[in-house]
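Colleague: Sharing a structure below in structure tokens format, with a few things to ask.
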Amino acid sequence: MNLTQRRLTSLGDLKWEVLRVDKKTGQPTGNPFPGRVPGDILSDLLANGMIEDPYRGRNSDKCKWVNNYDWLYRARFEGRCPPGERRFLRFMGVDYESWFRLGGRVIGSHEGMFSRAVFEITALLEDLNELEVLLVGQADSIEEKLSFGNPVTRTERVRIKKLKAQYSYGWDFAPALKGAGIWDDAFLHATSGPIAIDDLWIAPDVNGLVNIVIYLTSRASGSGAIRWRLEPAEENGPAIEGEVETEYVTGPQRFPITVLVEKPALWNPWEMGAPYLYKFSAEAVGDGDVSDSISDTFGFRSIGYEANPGAPSGCDPWTVVVNGRRMFMRGINWVPLDSLLGRITAERYESALRSIREMGANVIRVWGGGLREKRAFYDLCDKIGLLVWQEFPLACAFFNHYPRSQRFRKTLFNEVGDIIRQLRNHPCVMLWSSGNEVHLRRNRAVLDIIHRQVESLDGTRRFHPISPSRGDAHNWVVWHGKGNLEDYLEEKSPVISEFGLQAVPNRETVEWMFGPEGAWPPDKKTWTHHNIQFDKMNKYASRAPQDGSLSSYIEATQRMQAHVLKTAVERWRRLKFRHSGVGIWQFNEPWPCICWSVVDYFGRPKQAYAALKMAMAPLMVAAYHPLKEWRQGQQVPFDIAVVNDLHQDFGDLIAMVKIGSKNKLQAKIKVRANSVAVAEDLSISLDSSPPWVIHLTLLDPEGNELAQNEHDLMIFDPQRASPYTRYIFRLMWKWMTKERP
């Protein structure tokens with residue numbers, strides 16, 4: 001059975017032009033200029049030479065005038081709708097408030113950045129049609145116009161009133177570039193008859209039972225059928241086909257279908273097996289003719305959770321169990337690839353996601369202050385076996401509560417609901433979370449709305465009220481509290497989903513941001529504009545040698561970031577499954593800046609990337625020694641641990657240890673599947689002159705290299721942190737995450 005393809009035409013293929021609209025008069029001003037869909041107003045202004053590059057110097061401040069205007073995008077397309085057929089406009093994401101006109105007539109409005117805006121235009125089409133989308137500019141508030149303080153807390157009262165990507169208001173790793181745009185894909189959807197399929201929900205279980213619901217609308221009643229086909233997505237294999245006779249009625253309907261697949265191939269995270277995908281396709285037939293069709297991919301997999309031994313009271317179970325096997329979450333935090341959303345492409349997603357997998361991560365936390373990413377992101381995570389911890393668009397409401405108005409709650413209800421509908425077929429999505437760092441008690445009503453939507457529209461995945469809470473920790477005693485590595489090692493929470501250290505990007509990126517002359521010595525205002533936190537950076541970088549040059553400053557900051565992140569990951573992995581996962585803050589950044597990223601805006605890795613590639617390998621070997629300053633002639637006591645996240649036994653392996661070019665010792669370690677094996681009470685003498693780096697190589701009995709690692713003994717905590725500061729930070733997180741009785 002050959003099913004028809006859905007008739008979608010990208011609106012991006014049209015010739016778009018943009019007009020600036022005066023908010024007071026509602027009239028266009030100036031001449032039209034070319035625009036792109038999908039895209040954003042700032043990218044279009046930059047492409048037309050109407051603003052300076054907002055990523056260089058302090059140019060982003062020169063773009064604030066853009067928020068004071070509305071922006072009209074318009075394009076023309078040809079074609080009436082033939083009798084008996086239907087036509088729809090489907091916008092996958094518009095930022096943020098928008099009005100839509102066709103042929104001069106208003107066809108609807110939309111509020112919300114992440115839900116779809118869909119309009120039927122069947123009766124409105126002429127031989128030539130002018131489509132207009134008016135984007136309402138979000139003028140800056142008084143708080144946003146201020147230049148001092150942290151933008152996260154300074155703008156909190158304003159930004160939480162809208163479910164717009166929170167980082168666009170300015171963040172400690174992002175510029176204040178709110179902009180506007182038709183940022184996600186947009187389509188003209190054509191049917192061949194009166195029936196239009198609106199949505200498809202595929203809910204499989206690992207035993208092969210697939211429950212499918214097809215949502216459609218019809219403009220006529222009568223007899224018909226749903227034809228369907230289920231098959232492997234990426235290779236030839238047996239297909240299952242069927243046809244269900246139906247009776248259509250005028251208006252919306254839902255049609256459930258149940259299919260049983262014998263012994264289905266399972267979808268797995270990449271190091272646990274193949275991420276096997278299936279495809280389900282369906283077409284609606286009325287009066288013997290195909291009217292519309294739809295298809296999507298899915299995977300058979302189960303995800304559960306086990307309790308953590310020794311976890312503090314109030315913790316949920318956090319050991320992830322995928323398809324019946326326990327998995328340690330080697331996680332990375334993901335923020336949007338760009339503040340100019342028109343620049344986010346499938347090719348950039350592919351480069352970043354494959355880099356994450358190559359680094360060794362198996363879970364991506366899509367942070368709540370950013371985006372519901374475009375479909376290409378989730379499709380690729382499905383394909384390459386990366387799990388996604390998905391957050392809804394709430395972030396950093398520390399001192400205020402979200403609006404309690406009916407308008408806000410309705411917008412939240414719609415946004416959350418449509419995010420779930422768009423993502424629930426993806427096997428990569430493992431967990432829903434309301435968002436990031438929101439005060440639980442102040443915002444209980446809002447979180448309850450989200451929870452009810454998750455239960456109603458999915459119910460197959462875990463709901464996590466907010467991150468951090470219930471055994472999920474953000475450890476910012478190190479960095480924000482100027483703490484020490486010991487503050488990581490004292491962490492008792494089962495999951496540490498945020499921790500990190502800033503580092504300056506590579507020299508090429510620094511000089512691009514500031515210009516060769518302005519890069520060094522640093523202009524404090526410009527460097528701070530690009531997010532550096534000088535006092536903390538200088539505290540942590542002070543241990544590494546510096547000669548006063550830009551190159552040595554970059555080297556010192558990157559060296560310390562690599563050391564801190566790597567050490568924390570290795571220590572927590574040794575304690576699996578008391579700890580069940582880590583989430584490094586952060587993998588990427590949305591503009592060229594100085595922040596916690598391990599790969600900069602241009603895709604250039606910092607030293608931490610190579611260090612984490614060793615620390616996050618599924619099969620890892622590491623040395624565990626006292627974190628202190630060492631001197632020549634001393635004995636360094638250490639253990640060697642082999643952390644095996646793979647589900648295979650390796651038997652007896654050999655760990656080779658050397659400093660410099662000299663082999664110092666070797667240890668035999670028996671390594672079983674998904675376990676930690678340790679060789680204890682070892683020591684090595686520092687009888688040579690510095691620098692001292694312990695090199696580890698893990699070999700099988702035939703001498704094949706399985707893993708390697710290195711530990712820089714020259715790096716240690718340079719200054720002791722204030723006990724008072726560390727206590728305040730711990731107290732703040734307890735206050736934030738404490739739930740009402």
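Colleague: Which number in (1) over 30 Å from SER675 (Cβ atoms); (2) surrounded by fewer than 21 Cβ atoms within 10 Å (Cβ to Cβ) marks the one condition that ARG354 misses?
Modeller: Condition (1) is where ARG354 drops out.
Residue by residue, here is whether (1) crowded, with 19+ Cβ neighbours inside 10 Å; (2) part of a loop (DSSP other than H, G, I, E, B); (3) among the aromatic types (Phe, Trp, Tyr); (4) touching a helix residue (DSSP H, G or I) at 6+ places or on another chain (Cβ under 8 Å) holds:
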position	(1), (2), (3), (4)
ALA610	no, no, no, yes
ALA622	yes, no, no, yes
LEU627	no, yes, no, yes
GLY633	no, yes, no, no
VAL636	yes, no, no, no
LYS658	no, no, no, no
GLN666	no, no, no, no
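Colleague: Identify, please: which residue in region 421-447 is in contact (Cβ under 8 Å) with a residue 60 or more places away in the chain and assigned to a helix (DSSP H, G or I) and is, among those, farthest from ILE294 (Cα to Cα)?
Modeller: Residue satisfying both the conditions and the ranking: ARG444.
Colleague: Moving on to the next point. Answer yes if at least one residue in region 705-712 is assigned to a helix (DSSP H, G or I) and more than 26 Å from ARG326 (Cβ to Cβ), and no otherwise.
Modeller: Residues of region 705-712 that are assigned to a helix (DSSP H, G or I), as a first pass: none.
Checked against the condition, which is being assigned to a helix (DSSP H, G or I) and more than 26 Å from ARG326 (Cβ to Cβ), region 705-712 yields no hits at all.
Colleague: Right, here's the next one. Among the residues of region 40-54, how many are assigned to a loop (DSSP other than H, G, I, E, B) and surrounded by fewer than 22 Cβ atoms within 10 Å (Cβ to Cβ)? Don't jump to the end; show me each part of the working.
Modeller: Taking region 40-54 as the starting set, the residues that turn out to be assigned to a loop (DSSP other than H, G, I, E, B) are 40, 48-54.
Checking the rest, the ones that are also surrounded by fewer than 22 Cβ atoms within 10 Å (Cβ to Cβ) come to 48-53.
The qualifying residues number 6.
Colleague: Within region 145-176, can you find the residues that are out of contact with any helix residue (DSSP H, G or I) (no Cβ under 6 Å at 6 or more places or on another chain), in a loop (DSSP other than H, G, I, E, B), in contact (Cβ under 8 Å) with a residue 40 or more places away in the chain and hydrophobic (A, V, I, L, M, F, W, C)?
Modeller: ILE160, ALA165, PHE173 - these are the residues of region 145-176 that are out of contact with any helix residue (DSSP H, G or I) (no Cβ under 6 Å at 6 or more places or on another chain), in a loop (DSSP other than H, G, I, E, B), in contact (Cβ under 8 Å) with a residue 40 or more places away in the chain and hydrophobic (A, V, I, L, M, F, W, C).
Colleague: Then there's this: Only one of (1) part of a loop (DSSP other than H, G, I, E, B); (2) under 23 Å from the mean Cα position of the chain (by Cα); (3) charged (D, E, K, R) fails for ASP418. Which number is that?
Modeller: Unmet condition: (1).
Colleague: Is it true that GLU415 is out of contact with any helix residue (DSSP H, G or I) (no Cβ under 9 Å at 6 or more places or on another chain) and surrounded by 21 or more Cβ atoms within 10 Å (Cβ to Cβ)? If you could, list the steps in order and put the result at the bottom.
Modeller: Details: out of contact with any helix residue (DSSP H, G or I) (no Cβ under 9 Å at 6 or more places or on another chain): yes; surrounded by 21 or more Cβ atoms within 10 Å (Cβ to Cβ): yes.
Yes.
Colleague: Hey, can you tell me all the residues within region 2-30 that are outside any loop (DSSP other than H, G, I, E, B) and either of a type in the set (A, V, I, L, M) or free of Cβ contacts under 8 Å to residues at least 60 places away in the same chain (or both)?
Modeller: Taking region 2-30 as the starting set, the residues that turn out to be outside any loop (DSSP other than H, G, I, E, B) are 7-13, 16-21, 28-30.
Of everything in region 2-30, those that are outside any loop (DSSP other than H, G, I, E, B) and either of a type in the set (A, V, I, L, M) or free of Cβ contacts under 8 Å to residues at least 60 places away in the same chain (or both) turn out to be LEU8, LEU11, ASP13, TRP16, GLU17, VAL18, LEU19, ARG20, VAL21, PRO28, THR29, GLY30.
Colleague: Report, by residue number, each residue of region 235-256 that is among the acidic types (Asp, Glu), farther than 20 Å from LEU277 by Cα and either surrounded by 11 or more Cβ atoms within 10 Å (Cβ to Cβ) or touching an Asp or Glu at 6+ places or on another chain (Cβ under 6 Å) (or both).
Modeller: So in region 235-256, the residues among the acidic types (Asp, Glu) come out as 235, 241, 243, 245, 247.
Then keep just the ones that are farther than 20 Å from LEU277 by Cα; that gives 243, 245, 247.
Once the filter is applied, which keeps residues that are among the acidic types (Asp, Glu), farther than 20 Å from LEU277 by Cα and either surrounded by 11 or more Cβ atoms within 10 Å (Cβ to Cβ) or touching an Asp or Glu at 6+ places or on another chain (Cβ under 6 Å) (or both), region 235-256 yields only GLU243.
Colleague: If SER675 meets every condition in (1) under 37 Å from the mean Cα position of the chain (by Cα); (2) modelled with pLDDT under 95 apart from one, which number is that one?
Modeller: The single condition SER675 does not satisfy is (2).
Colleague: Report yes if ARG74 is over 30 Å from ALA284 (Cβ atoms), modelled with pLDDT of 95 or more and touching an Asp or Glu at 6+ places or on another chain (Cβ under 6 Å), otherwise no. First the steps, then the outcome.
Modeller: Details: over 30 Å from ALA284 (Cβ atoms): yes; modelled with pLDDT of 95 or more: yes; touching an Asp or Glu at 6+ places or on another chain (Cβ under 6 Å): yes.
It is true that ARG74 is over 30 Å from ALA284 (Cβ atoms), modelled with pLDDT of 95 or more and touching an Asp or Glu at 6+ places or on another chain (Cβ under 6 Å).
Colleague: Check off (1) assigned to a strand (DSSP E or B); (2) modelled with pLDDT of 95 or more; (3) not basic (Lys, Arg) for ASP681 and give me the number that stays unchecked.
Modeller: Checking ASP681 against (1) assigned to a strand (DSSP E or B); (2) modelled with pLDDT of 95 or more; (3) not basic (Lys, Arg), the one that fails is (2).
The values are calculated or read from the model by the stated rules, or taken from the named source; none is laboratory data. As the structure is a prediction and not an experimental result, all values here were calculated from the model. Cβ sites come from the backbone with ideal geometry, for glycine too, and all protein chains shown count toward neighbours.
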